Amino acid sequence: MSDIGANLERVRERIARAAERSGRRGDDVLLIGVSKTVEVERIQHAVAAGVPALGENRVQEAKEKVAALGRPVPWHLIGHLQTNKVREALELFDLVHSLDRLDLATEQSNKGGFAPDAVPSALDAIAKLDHIDVRGLMTIPPIAERAEDARGWFRVLAQLGKRVGLAELSMGMSADFEVAIEEGATMVRVGTAIFGPRPAKATP
């Protein structure tokens, strides 16, 4: 499993260089190791190698992994939060990146979330709710051939964060996290670059 440790070190170096280009330090960016579909043993090696946080897409999968691994690092929910999983998610995760419960329009029909212009009113509505502490914003750009193609999306989120007074920006994945950091990301969600390619889904 030494590949995980080496991969993690390379990702850290890339984060540090990208942070320097944006006038920050590598420590200013939280690396979240995306462990969806990754075996428990490989996650253990990542934790031993120093991954500072883990990210899961599904509550049920995370529940099984937390039962096996405990909480050696914070767990983040980075996938869609289903209504019937809210209570479990609040018990399992230290941070939920993907709150999109209000019925507002989205600019991507295949993604959950809010259109940028809808965010201020959504935050006003959320502010009236108890027990919710909004820390920041998250985005996932459309899949593109070049990392540079995502820059505009990241820049929009960074500008939006400043506009609404939210400092945390969860943006950037294995293919584009350096561009995201250059545009102000404070959290990056990296899976493949640490754990390697995920197995292809079996066809029926």
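Does at least one position in the range 155-168 carry a residue that is in contact with a Lys or Arg (Cβ under 9 Å, 6 or more places away or on another chain), closer than 30 Å to residue 45 by Cα and surrounded by 14 or more Cβ atoms within 10 Å (Cβ to Cβ)?
yes
Being among the acidic types (Asp, Glu) and more than 28 Å from residue 122 (Cβ to Cβ), is that true of even one residue in the range 132-140?
No, because not a single residue in the range 132-140 is among the acidic types (Asp, Glu) and more than 28 Å from residue 122 (Cβ to Cβ).
Which one of these is at pLDDT below 95 and surrounded by fewer than 19 Cβ atoms within 10 Å (Cβ to Cβ): 85, 36?
Exactly one of 85, 36 is at pLDDT below 95 and surrounded by fewer than 19 Cβ atoms within 10 Å (Cβ to Cβ), namely 85.
Take residue 31 and decide whether it is surrounded by 17 or more Cβ atoms within 10 Å (Cβ to Cβ), touching a Pro at 6+ places or on another chain (Cβ under 7 Å) and at negative phi.
Criteria met by residue 31.
Any idea which of 118, 105, 202, 127 is surrounded by fewer than 18 Cβ atoms within 10 Å (Cβ to Cβ), at pLDDT below 85 and within 30 Å of residue 64 (Cα to Cα)?
Result of the check over 118, 105, 202, 127: 202.
Identify all residues within the range 13-28 that are of a type in the set (D, E, K, R) and either in contact with a strand residue (DSSP E or B) (Cβ under 7 Å, 6 or more places away or on another chain) or surrounded by fewer than 16 Cβ atoms within 10 Å (Cβ to Cβ) (or both); write none if there are none.
13, 17, 20, 21, 25, 27, 28
So is residue 3 touching a residue at least 60 places away in the same chain (Cβ under 8 Å) and surrounded by fewer than 17 Cβ atoms within 10 Å (Cβ to Cβ) or not?
The answer is yes for residue 3.
May I ask you to verify whether residue 178 is over 19 Å from residue 14 (Cβ atoms), modelled with pLDDT of 95 or more and surrounded by 16 or more Cβ atoms within 10 Å (Cβ to Cβ)?
no
The values are calculated or read from the model by the stated rules, or taken from the named source; none is laboratory data. This is a predicted model, so every value here is computed, not measured. Heads up, the Cβs are rebuilt from the backbone with ideal geometry, glycines too, and the neighbour counts pull from every protein chain shown.
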